[in-house]
Amino acid sequence: MPITIKQPKTPEEFAQYFDLRWRVLRAPWQQPAGSEKDTLEDTCIHIMACDDAGAVIGVARLQFNSDSEAQIRYMAVDPEYCRNGVGRKIVSALEAIALENKRNHIILDAREPAVGFYEKLGYTVTEKTYLLFDCIQHYRMQKII
Ligand SMILES: CC(C)(COP(=O)(O)OP(=O)(O)OC[C@H]1O[C@@H](n2cnc3c(N)ncnc32)[C@H](O)[C@@H]1OP(=O)(O)O)[C@@H](O)C(=O)NCCC(=O)NCCS
């Protein structure tokens, strides 16, 4: 499946980007529109995957925590396109951006069902962290790239 990886630029692209984040990571838990964003959006790097028709099918964000550490957040692939390599391509793009910016330590907080996905990409669990919406257990994971 042809997939294009790019950074959203236009208001329309950002609208599609945040909409997919909301649909995958917030709507199933009855969270309102707007709850998919935080106060750091303007300072982060955003990546989206598009299909050959231009529809946004995967999104994620990279934030810089320090001079050496970057964090992947809000990783979401449209359920209809899961297990097609979309998530792998997005993480690979984020890792390349982290390296370009001299951050070789990547951390993230994985939802329990996504731990196996990140393990496939070389991440390891370092600790059990927080419970989101009283039901989604998260695990801190890391990778040195
Ligand atoms: C987790 C998620 C991002 C994976 O995206 P994806 O596009 O389906 O992943 P890929 O197809 O690129 O998978 C890469 C590898 O991981 C494996 N994999 C994917 N999801 C997996 C899972 N949940 N558990 C174990 N392995 C998984 C794939 O089989 C593939 O392995 P392979 O290369 O040996 O065939 C996606 O399922 C998703 O958005 N889930 C819901 C939201 C979520 O949990 N986001 C993460 C928040 S921390």
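Please treat every number below as a calculation from the coordinates, not as lab data. Predicted model only: the values in this text are computed from it and were never measured. Don't worry about glycine lacking a Cβ; one is built from the backbone with ideal geometry, like all the others, and counts go over all protein chains shown.
Just for region 55-83: of the residues that are among the charged types (D, E, K, R) and away from the ligand (no atom under 12 Å from the Cβ), which one is nearest to residue 123 (Cα to Cα)? Applying the filter and picking the extreme gives 69. Number of residues in region 5-18 that are assigned to a helix (DSSP H, G or I), of a type in the set (D, E, K, R) and without any contact (Cβ under 8 Å) to a residue 24 or more places away in the chain equals 1.
Out of 61, 23, I need the residue that is closer than 22 Å to residue 132 by Cα and crowded, with 19+ Cβ neighbours inside 10 Å. Which one? I'd like the intermediate steps shown before the answer.
Numbers: 23 fails: crowded, with 19+ Cβ neighbours inside 10 Å.
Exactly one of 61, 23 is closer than 22 Å to residue 132 by Cα and crowded, with 19+ Cβ neighbours inside 10 Å, namely 61.
Look at (1) farther than 30 Å from residue 2 by Cβ; (2) touching a residue at least 24 places away in the same chain (Cβ under 8 Å) and you find that residue 124 fails only one, number (2).
Conditions (1) closer than 20 Å to residue 117 by Cα; (2) of a type in the set (Lys, Arg), marked per residue:
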position: 4; (1), (2): no, no
position: 7; (1), (2): no, no
position: 17; (1), (2): no, no
position: 55; (1), (2): no, no
position: 61; (1), (2): yes, yes
position: 64; (1), (2): no, no
position: 69; (1), (2): no, no
position: 86; (1), (2): yes, no
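In region 87-117, of all residues being closer than 18 Å to residue 45 by Cβ, β-branched (Val, Ile, Thr) and within 12 Å of the ligand (Cβ to nearest atom), the one that is surrounded by the fewest Cβ atoms within 10 Å (Cβ to Cβ) corresponds to 107. Looking only at region 132-143, which residues are crowded, with 18+ Cβ neighbours inside 10 Å and within 20 Å of residue 66 (Cα to Cα)? Those that are crowded, with 18+ Cβ neighbours inside 10 Å and within 20 Å of residue 66 (Cα to Cα): 141, 143. Mind telling me which of the residues 38, 42, 52 ends up being assigned to a loop (DSSP other than H, G, I, E, B) and either more than 25 Å from residue 130 (Cβ to Cβ) or more than 16 Å from the ligand (Cβ to nearest atom) (or both)? Just a single option satisfies the conditions, and that option is 52.
Could you list, in sequence order, the residues of region 120-131 that are surrounded by fewer than 18 Cβ atoms within 10 Å (Cβ to Cβ) and either more than 7 Å from the ligand (Cβ to nearest atom) or within 21 Å of residue 20 (Cβ to Cβ) (or both)? Spell out the reasoning first.
Going residue by residue through region 120-131, those that are surrounded by fewer than 18 Cβ atoms within 10 Å (Cβ to Cβ) are 120-122, 124-131.
Once the filter is applied, which keeps residues that are surrounded by fewer than 18 Cβ atoms within 10 Å (Cβ to Cβ) and either more than 7 Å from the ligand (Cβ to nearest atom) or within 21 Å of residue 20 (Cβ to Cβ) (or both), region 120-131 yields 121, 122, 124, 125, 126, 127, 128, 129, 130, 131.
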